[in-house]
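J.: Okay, here's the structure, questions in a sec.
Every number in this text was worked out from the coordinates using simple rules, so none of it is lab data. The structure displayed is predicted, hence computed values, not measured ones. Here the Cβ positions follow ideal geometry from the backbone for every residue, glycine too, while neighbour counts run over all protein chains shown.
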Amino acid sequence: MRENDLLQHVYAGNTALPDAVTIPPGDDMGAITFGDRSLLVAVDQVADGVHFDLANTPLAKVGRKAITRNLSDIAAMAAKPTAAVVAACLPRDFGEANATALFNAMRDTAQTYSCPLIGGDTAIWDGKLLLSVTVFAEPWRDAEDQPIAPVERTGAQPGDAIYVTGELGHSFPTGHHLDFEPRIELARELVLASGGATRPTAMIDLSDGIAQDLPRLVEHAELQMRILPLRQGESVDGREPWQHALGDGEDYELLFTAPADAVIPHAFGHDEDESKHVLITRIGTVTDAGGIVVVTPEGESLALDQADAKGWEHTA
Ligand SMILES: Nc1ncnc2c1ncn2[C@@H]1O[C@H](COP(=O)(O)OP(=O)(O)OP(=O)(O)O)[C@@H](O)[C@H]1O
Ligand SMILES: Cc1ncc(C[n+]2csc(CCOP(=O)(O)O)c2C)c(N)n1
Ligand SMILES: [Mg+2]
């Protein structure tokens, strides 16, 4: 069983959805309208053994990740967090102190990002720890209080530039997958600054790696591995740093496209210390044919599926 096959089956039913569904399955969040307002919703789970290893991870970080993974999907739509609910399946031997610590971490993280935890459900079972978080979001509003439409995955055009925030690769061994900052404020700035001149044409958050997530935005592109922003980490199986950056996944950075003449800033941040600012790197261009091609640091052009960097897909 492959995750992507099931998703194609889900998307095939999208045409039958009612008109109130403005963003159907296939984006980082779905959206519905009621009255003249729009509400976005997404659900993401974390499971022990799949998204974290409980034996080696403090509960505070597990609880944080359960929330921030969902906030990253809100960032990917350039939307504003509204509220969250959580469904928890706790192992039978978990204990009250652990349950309290976990809940406190989720509540505090949600609060930090102005996405209050407003409910949930708790069960105790014979399985491993499993947390499923649903988040709601709404459009940001401009200076005239007009809603800013969410950025979807579908708007990229040939000739658009491709950008990525932060650094990529080695997320699991470095612990980045637990500690990352969801890019909510950065995305807000992109859609609000300069009267919309820096608005992305399409955007996604990088959970499964560029190798899986770029094809969700565009069919054809050329990517320069020489300028891919790399996180430092140990290489596995002799693979190159750029291969880790393409395929490891769980970067929770934003991958987006924008018109080639849009003046996208090179960094984002309000800290006086510029080393704390988040890089925004132009890594390639949307093309109109030829599939997705990666140009290695040595100048060799490879089809993405020949790059030995597959990205993450759930399979069984
Ligand atoms: N079981 C399902 N039923 C209906 N829709 C689904 C199901 N699983 C996934 N989807 C939809 O398919 C799309 C891709 O799902 P996926 O979980 O890969 O989201 P993502 O944002 O790409 O990744 P992540 O979950 O890591 O943020 C989303 O629009 C999601 O809502
Ligand atoms: C114990 C353990 N093993 C492996 C990984 C790596 N990993 C897990 S899920 C995922 C993609 C995103 O998930 P999803 O597609 O469900 O959003 C990645 C890269 C990890 N974090 N913890
Ligand atoms: Mg996502």
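J.: How much net charge surrounds SER235 when only the other residues with a Cβ under 14 Å from the Cβ of SER235 are counted, with Lys and Arg +1 and Asp and Glu -1?
T.: -3
J.: Summing Lys, Arg as +1 and Asp, Glu as -1, what charge do residues with Cβ under 10 Å from the Cβ of ILE67 carry, ILE67 excluded?
T.: With Lys, Arg at +1 and Asp, Glu at -1, the net is +2.
J.: Taking K and R as +1 and D and E as -1, what net charge do the other residues with C-beta under 11 Å from the C-beta of ALA262 add up to?
T.: With Lys, Arg at +1 and Asp, Glu at -1, the net is 0.
J.: Let me ask something additional. Gap in Å between the Cα centre of region 85-131 and the Cα centre of region 164-210?
T.: 26 Å
J.: Next question, about the same structure. Roughly how large, in nm² to one decimal, is the mean projection of the convex hull of the alpha-carbon atoms in region 3-139?
T.: 9.2 nm²
J.: For a footprinting-style exposure proxy, rank VAL133, VAL85 by other Cβ within 10 Å, fewest first.
T.: Ordered from fewest to most neighbouring Cβ atoms within 10 Å, VAL133, VAL85 come out as VAL85, VAL133.
J.: Here's another thing I want to ask about it. If packing is taken as the mean number of other Cβ atoms within 10 Å per residue, what is the order of 295-301, 12-18, highest first?
T.: Ranked by mean Cβ neighbours within 10 Å, highest first: 295-301, 12-18.
J.: How much length is gained on full extension from ALA60 to THR174, taking 0.36 nm per residue of separation minus their Cα-Cα distance?
T.: Once the chain is fully extended between ALA60 and THR174, it gains 39.4 nm.
J.: What base-10 log of the normalised intensity I(q)/I(0) is obtained for the chain from the Debye formula, alpha carbons as equal point scatterers, at q = 0.07, 0.09 Å⁻¹?
T.: -0.28, -0.46
J.: Oh, and also: Considering amide H positions built from the backbone, and no H for Pro or chain starts, which residues 5 or more places from PHE52, or on another chain, come under 5 Å of its amide H?
T.: When sequence neighbours closer than 5 places are left aside, the close amide H contacts are ALA47.
J.: Let me ask you something else. What distance in nm separates the two pseudo spin-label positions at VAL263 and HIS220, each 7 Å out from Cα along the beta-carbon direction?
T.: 3.1 nm
J.: Another question, if that's okay. Can you work out the PRE-style zone for VAL295? Point 7 Å along Cα to Cβ, and I want the residues of region 213-229 with backbone N under 20 Å.
T.: Only 214-215, 218-229 pass the distance filter.
J.: Pairs of Cα atoms under 8 Å, at least six residues apart: use those to get the relative contact order of the chain, whole percent.
T.: 20 percent
J.: If I stretch the segment between ARG92 and VAL21 completely, what's the gain in nm (0.36 nm per residue apart, minus their alpha carbon distance), one decimal?
T.: So the chain would gain 21.6 nm between ARG92 and VAL21.
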